[in-house]
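The structure under discussion appears below in the form of structure tokens.
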Amino acid sequence: RSSYCCSWLSRTALVLSSFSMTILYHKSIQNAMFIWYINIYSRRMAIVNMYRFCERNPSEEEIRQYINSFFRLSTTDNARINSILSVSTDIEAWLSIFYNYETNEERTYSQKKLRSQDEIVALSALIDRYRESYRGNIGLEVINYLAKQFDGERYLDYRGELSRIFEMDPTYFNEHNQNLLISYSLPILQTAPEGAKDFFAKEAMNILPNRLMEIHRMLKDNETMLIIAELALTRLTKSIRPK
């Protein structure tokens, strides 16, 4: 009986060992596949970023500035982007990256000032580098979308992007938070190029048409001006139509 028990225990141990090795083998394959997928995604995003940039037919100086901004090591901006990556549900915290904060000598208060267009363009290139490694981070996608409004005509590559961002997490981006993002975005976009203002206004109006007057008041864009003019003409036509 003793020899039988020893034999049974040996066979059981062998089976368990084989089972454990099988699990480890499959886990190693899963890990390898995950790493391979991340590498493929990063390379794909790098190609997409460069293709979109080169489509603009940039000058040598613009190429040099983009590469320098892409690879730059800004302690402040890198830290702020890393913070955004770890904060999944705070619109105000995400968009704070578009401001510089100046503290008075007594350090009794801090005043925020919107960053210049050149600073935001440099930030846009740095965001491109982060997007190669972090897929589907909502905060990163939001700041990328807004930064591209300042970066030449790169905003044209992001048609429908605002809707896509909202669809990434419909639970968080309920109507309240959709409106909140628009409210925080408008002061930033006041200094964007005119074409970008028109582009953003159209994107926002497709989702939240009730923000018509506020968007026009903040951006003075052509898209909302046209809608307002058409509404006024419709009301005028109705008022003078014979009964």
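We did not get these values from a lab; they are worked out from the coordinates using the rules stated. All values reported here derive from a predicted model rather than from experimental measurement. Heads up, the Cβs are rebuilt from the backbone with ideal geometry, glycines too, and the neighbour counts pull from every protein chain shown.
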**Request:** Using Cα positions and a limit of under 19 Å, work out the aspartates and glutamates in reach of Lys112, with same-chain residues fewer than 8 apart set aside.
**Result:** Asp77, Asp90, Glu92, Glu102
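Which FRET efficiency value, to the nearest 0.05, is calculated for Tyr101 and Ile228 with the Förster distance at 51 angstrom and r the Cβ-Cβ distance?
FRET efficiency, Tyr101 to Ile228: 0.90.
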**Message:** Using amide H atoms built in the peptide plane, which far-off residues or other-chain residues are under 5 Å from Arg115 H to H?
**Reply:** Tyr99, Asn100
**Asked** When the chain is fully extended, how far beyond the present Cα-Cα distance does Lys220 get from Asp157, taking 0.36 nm per residue of separation?
**Response** 20.4 nm
**Request:** Return the FRET efficiency for the residue pair Val87, Leu114: r is the Cβ-Cβ distance, R0 is 22 Å, and the value is rounded to the nearest 0.05.
**Result:** 0.60
**Fill in**
Once the mean of 1/r over all distinct C-alpha pairs in the range 117-192 is inverted, the Kirkwood radius in Å reads 13.0 Å
**Asked** Computed on alpha carbon atoms, what radius of gyration and Dmax characterise the range 106-243, expressed in Å?
**Response** 17.7, 70
